[in-house]
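Asks: One structure coming up, written as structure tokens, with questions to follow.
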Amino acid sequence: MSVGWQSTRGGGSGGAGGSGEAGGSSPGYARLGIPPRLALAEPRSADPWLPRASDAPCGDPPASPDPPAPPDPRGDPPAPPASNDRAIIRLDHVSRVYQVGESEVRALDDVSLDLAPGEFAAIMGPSGSGKSTMLNVLGCLDTPTSGSYVLDGEPVEKLSEDQLAEVRQRKIGFIFQAYHLVGRMTAARNVELPLIFAGVESRVRRDRVRAALEAVGLTKRMTHRPDQLSGGERQRVAIARAMVMEPRILLADEPTGNLDTKSGEEIVALLERLNAVGLTLVLVTHDPGVGAHARRVLRMRDGRIVEA
Ligand code: ADP
């Protein structure tokens, strides 16, 4: 398992302030606003929150210096261009149907969708249009009634509960409107929980927790419990917790819904920084101001994507 946060030099919690050594060696960190101490502590290959080699940012041209060969008039016709083979999320005719008494509710109705690595998509639409169902399916919290879902190259629609839990742990971070932090635990402990569940050893956990909280600007609040934090700070803890396992995808359900405008803007700015270094970001929002930050808006109505 990749444990990018673990590589703080000396293996301690990295309490010493940053020296000038190699401080600018990790532009990804600089772009994230991560303090230089972490930037110098992490070799680029182990950087968390940075795209893996396979995750070229969406929209980049393929790294092929050669122009396409002209069709050979004597040979077979050229193969049609591949569909979006780089999709990290691919839904193919997915439906999620609930049986309510005698009637069926088609919460998702024949939805097909490709999202490339590094996309930032906002799911918008009226209440009841299927946004939460969509996020639950994307996050492997729910499974389609029909259709196929390929997540990062792996068909997931037929996996068992345990297998789905494993996929979630490896690939997906979640943040929610109501934060869902454990109230009696400190910020650090909340962020540590996914690492404990994943069996990461304690020394590594400590470094990664510190780095995650540092990345969201909360080192001074590590020992605070959620009720000692503002809403924006709680959501930042939740983001650190979502990111500490280095997921490839972050799913956010109304992440600014409980926040005042300024805190909401700070959270969106933080999410944008994560997306800018390659994280695939999908969020549900009612707020057009938040949706305007997304590079792609998926508008839903009656279980369908009516605009993408
Ligand atoms: P949104 O998030 O856009 O408000 P939802 O995905 O929650 O929409 O719901 C889409 C439709 O599916 C709604 O008609 C809702 O009533 C229905 N629905 C959602 N969850 C269930 C469920 N567990 N049982 C029955 N119907 C459901």
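No lab work stands behind these numbers, since they all come straight from the coordinates. Quick caveat, the model's predicted, so the values are computed rather than measured. Because the Cβ atoms are built from the backbone with ideal geometry, glycine has one as well, and the counts that use them run over all protein chains shown.
Asks: Out of region 186-265, which GluC sites (Glu not before Pro) are coil in DSSP terms and have no more than 16 other C-beta atoms within 10 Å?
Replies: E201
Asks: Sticking with this structure for a sec: Quick one: if you stick a label point 7 Å off each Cα along the C-beta vector at R225 and L141, how many nm between them?
Replies: Inter-label distance under the simple model: 2.5 nm.
Asks: Please get the size of the charge dipole for region 105-261, origin at its Cα centre, with Cβ charges of +1 on Lys and Arg and -1 on Asp and Glu, quoted in debye to the nearest 20. Can you show the working numbers first?
Replies: Working: 20 positive and 21 negative charges, 187 e Å.
So the magnitude is around 900 debye.
Asks: Cα-Cα pairs above 28 Å in region 165-308: how many percent?
Replies: When every Cα pair of region 165-308 is considered, 17 percent fall beyond 28 Å.
Asks: To the nearest Å, what is the center-to-center distance of region 88-119 and region 184-262, using C-alpha atoms only?
Replies: Region 88-119 and region 184-262 have Cα centres spaced 30 Å from each other.
Asks: Per residue, how big is the convex hull around the C-alpha atoms of region 88-128? Give it to me in cubic angstrom, could you?
Replies: So the per-residue Cα hull volume is 73 Å³.
Asks: Sorted by mean Cβ packing within 10 Å, highest first, what order do the peptides 221-229, 169-177, 131-139 take?
Replies: Details: 221-229: 15.3, 169-177: 19.7, 131-139: 22.1.
Highest mean packing first, the order is 131-139, 169-177, 221-229.
Asks: Can I ask one more? Multiplying the sequence separation of E272 and R296 by 0.36 nm and subtracting their Cα-Cα distance, what value in nm do you get?
Replies: Gain on extension, E272 to R296, equals 7.3 nm.
Asks: Let me ask something else. What ³J(HN,Hα) values, in whole Hz, does the Karplus curve 6.51 cos²θ - 1.76 cosθ + 1.60 give for region 175-182 when θ = phi - 60°, with x put for Gly and Pro?
Replies: 10, 10, 4, 9, 6, 6, 8, 7
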